[in-house]
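The values are calculated or read from the model by the stated rules, or taken from the named source; none is laboratory data. For clarity, every value in this text was computed on a predicted model and none was experimentally measured. Don't worry about glycine lacking a Cβ; one is built from the backbone with ideal geometry, like all the others, and counts go over all protein chains shown. Remember, those area values only see protein heavy atoms, side chains included, never the ligands or the DNA or RNA. Shrake-Rupley method; radii C 1.70, N 1.55, O 1.52, S 1.80 Å.
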Amino acid sequence: MINVKLTIQYDGTNYCGWQKQNNGISVQEEIENAIHRLTGEKVDLIGSGRTDKGVHALGQVANFTTNSTIPPDRYKYALNSILPQDISIISSELVPDSFHSQYDAKGKIYKYTIYNREVRNPIYNRYAYHVPVKLNLNSMRKGAECFLGSHDFKAFMASGSSAKSTIRNIRSISLDKKDDFIFLTIEGNGFLYNMVRIIVGTLVEVGLGKKQWQSIPHIIESKDRKMAGHTAPAQGLCLEKVYY
């Protein structure tokens, strides 16, 4: 039996999320079904973590064990020939038996895209959060700096999480503007349920003048979800990379 690591890209629009659920088809399920077609085996595909309905990925990582004789580096080609067009395997490789996509992950990078123009653009509806009112980027950047470091991010976690600890370390966070787009890039050792989307929602409220950036340290210290901003829509979020 061998352990195979996959690096995966997907458009999450048509899926109920990464993880298998009863309310729709998931990315995990699509790939597991494709592996079953190739090998005849029912595998348990282990992902680095969940992504919610509508969230995208450019660097999701997963692994599975198999008795198949298919060379590990060939799974990329074999799976892509049968997977739907909105899921792509960009690499497949042999890894040690001990490798675990979730438990061995050292950190992740997410990018969130805001489309900041008065009128929506239908081309970007699936990949960006349309905010029609001009945002104050300078205030948002000052607010973003408050998230750096190790904090208890309970105020930025949606209900329903099973996390044992709500302490996370944000290693870097940046806001960049290009034309009508604002990109938030955030790297951390891990993220709580909806944490990035709540951070974005809070910063958008800062950019709109509904919250002051100076209030963010107090919101973090409060550990109260009601103090933070709204949860930004899923379609603007993309898992860029998982570190090992």
(message) I'm checking my understanding of the structure. Among residues of region 1-47 that are open to solvent by 20 Å² or more (accessible area, probe 1.4 Å), among the polar types (S, T, N, Q) and under 16 Å from the mean Cα position of the chain (by Cα), which one is nearest to residue 104 (Cα to Cα)?
(response) 7
(request) For residue 226, state whether it is surrounded by fewer than 18 Cβ atoms within 10 Å (Cβ to Cβ) and more than 29 Å from residue 123 (Cα to Cα). (result) yes
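So that you can scan it fast, the table gives a plain yes or no per residue for (1) surrounded by fewer than 16 Cβ atoms within 10 Å (Cβ to Cβ); (2) over 19 Å from residue 182 (Cβ atoms):
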residue: 80; (1), (2): yes, yes
residue: 84; (1), (2): yes, yes
residue: 91; (1), (2): yes, yes
residue: 98; (1), (2): yes, yes
residue: 108; (1), (2): no, yes
residue: 120; (1), (2): yes, no
residue: 130; (1), (2): no, no
residue: 134; (1), (2): yes, no
residue: 138; (1), (2): yes, no
(request) Evaluate region 148-167: report whether one residue or more is modelled with pLDDT of 95 or more, closer than 19 Å to residue 54 by Cα, assigned to a loop (DSSP other than H, G, I, E, B) and not β-branched (Val, Ile, Thr). (result) yes
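Could you tell me whether residue 89 is more than 16 Å from the chain's Cα centre (by Cα), modelled with pLDDT of 95 or more, within 15 Å of residue 16 (Cβ to Cβ) and among the β-branched types (Val, Ile, Thr)? So that I can check it myself, show each step before the final result.
Values: more than 16 Å from the chain's Cα centre (by Cα): yes; modelled with pLDDT of 95 or more: yes; within 15 Å of residue 16 (Cβ to Cβ): no; among the β-branched types (Val, Ile, Thr): yes.
No.
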(message) Residue pairs, Cβ under 7 Å, 6 or more apart or interchain, first in region 180-196 and free of Cβ contacts under 8 Å to residues at least 40 places away in the same chain, second part of a helix (DSSP H, G or I). List them.
(response) 192/156
